[in-house]
1. So, in segment 93-111, of the ones that are surrounded by fewer than 16 Cβ atoms within 10 Å (Cβ to Cβ) and not small (Gly, Ala, Ser), which residue ends up nearest to Asp65 (Cα to Cα)?
2. Give the number of residues within segment 29-45 that are open to solvent by 70 Å² or more (accessible area, probe 1.4 Å), out of contact with any Ser or Thr (no Cβ under 9 Å at 6 or more places or on another chain) and more than 19 Å from Ile61 (Cβ to Cβ).
3. Hey, Pro116 hits all of (1) touching a helix residue (DSSP H, G or I) at 6+ places or on another chain (Cβ under 7 Å); (2) modelled with pLDDT of 95 or more but one; which does it fall short on?
4. I'd like to know if segment 186-206 contains one or more residues that are in a helix (DSSP H, G or I), at pLDDT 95 or above and open to solvent by less than 30 Å² (accessible area, probe 1.4 Å).
5. I'm told Phe58 meets every condition in (1) surrounded by 15 or more Cβ atoms within 10 Å (Cβ to Cβ); (2) under 26 Å from Glu204 (Cα atoms); (3) of a type in the set (A, V, I, L, M, F, W, C) except one. Can you identify the failing condition by its number?
6. Is there a residue being farther than 17 Å from Leu78 by Cβ, open to solvent by 40 Å² or more (accessible area, probe 1.4 Å), charged (D, E, K, R) and modelled with pLDDT of 95 or more anywhere in segment 46-54?
Amino acid sequence: LTIAEARGWDVVGLEVSQSALERLDLLKSERGLRFQVVGTALTRSALPQNSFDVVTLFEVIEHLDDPLATLKEAHRILARGGLLYLTTPNYDSLSRYLLRSRWRVIAPEHRCLLNPLTLKASLVDIGFRPLRIVTKNIDVPEILSKWGLHRQTQHPTHAGSSSQRLRHTVEASATLRALKSSVNAFLGGTHLGDTIEVLAQKPEAIPEHATSS
């Protein structure tokens, strides 16, 4: 929210955690920020129709009992030509095939897991035009750890975990960054990456004078 506002956007955020809402209020006060935060889920937010240029859902829909309801609401509040950007774990990822139930994404807080084809079909049914659906990334330390080939001493999402240290190492090396790009190109083409990345558009309105063929 802070970055978007700094780049000139009028921003509205959604947050269901009371403690996070308190932190956000403090952040806004300390930095003199203007962004609005709505303290509820998107489906209960009553945001105005056709009013947003972009909706982002970073690692959200896997936590929902009814992700389609949230995607429909995103479509409703987007202006014509507006964009939806979302990320979510990929059930068809190479990590899931290799680790099965031991994959850390298989967890109680994840209510549903989708694959790219299912997600694309759902978006089309709702009325979106998918512009880009790819998969990316694979958690090599986790796979090696679960296979007993590597010791991971902390949870993979912890800042000091092997996964985080590997990311920092890769970002510091031009050669490793190039290798990562090649791997992500493969994962994107095969839909085997751990994360689905989606860019979809709410189509522009059809001009009134247009005729169907």
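1. Residues of segment 93-111 that are surrounded by fewer than 16 Cβ atoms within 10 Å (Cβ to Cβ), as a first pass: 97-98, 100-102, 106-109, 111.
From what's left, not small (Gly, Ala, Ser): 97-98, 100, 102, 106, 108-109, 111.
Details: Tyr97: 24, Leu98: 26, Arg100: 22, Arg102: 22, Ile106: 15, Pro108: 12, Glu109: 10, Arg111: 6 Å.
In this case the residue turns out to be Arg111.
2. Result for segment 29-45: 4.
3. Exception for Pro116: condition (1).
4. Taking segment 186-206 first, the residues in a helix (DSSP H, G or I) are 186-190.
Now narrow it down to the ones that are at pLDDT 95 or above: none.
No.
5. (1)
6. Here is the first cut: in segment 46-54, the ones farther than 17 Å from Leu78 by Cβ are none.
Among the residues of segment 46-54, not one is farther than 17 Å from Leu78 by Cβ, open to solvent by 40 Å² or more (accessible area, probe 1.4 Å), charged (D, E, K, R) and modelled with pLDDT of 95 or more, which makes the answer no.
Per-residue answers, yes or no, for (1) charged (D, E, K, R); (2) open to solvent by less than 80 Å² (accessible area, probe 1.4 Å):
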| site | (1), (2) |
| --- | --- |
| Ile3 | no, no |
| Ser19 | no, yes |
| Leu27 | no, yes |
| Asp65 | yes, no |
| Leu68 | no, yes |
| Thr87 | no, yes |
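The values are calculated or read from the model by the stated rules, or taken from the named source; none is laboratory data. These numbers were taken from a predicted model, which means no experiment stands behind them. Please note: Cβ atoms are built from the backbone with ideal geometry, for glycine as well, and neighbour counts cover all protein chains shown. We work out accessible area using only protein heavy atoms, side chains counted, and drop any ligands, DNA or RNA first. Shrake-Rupley method; radii C 1.70, N 1.55, O 1.52, S 1.80 Å.
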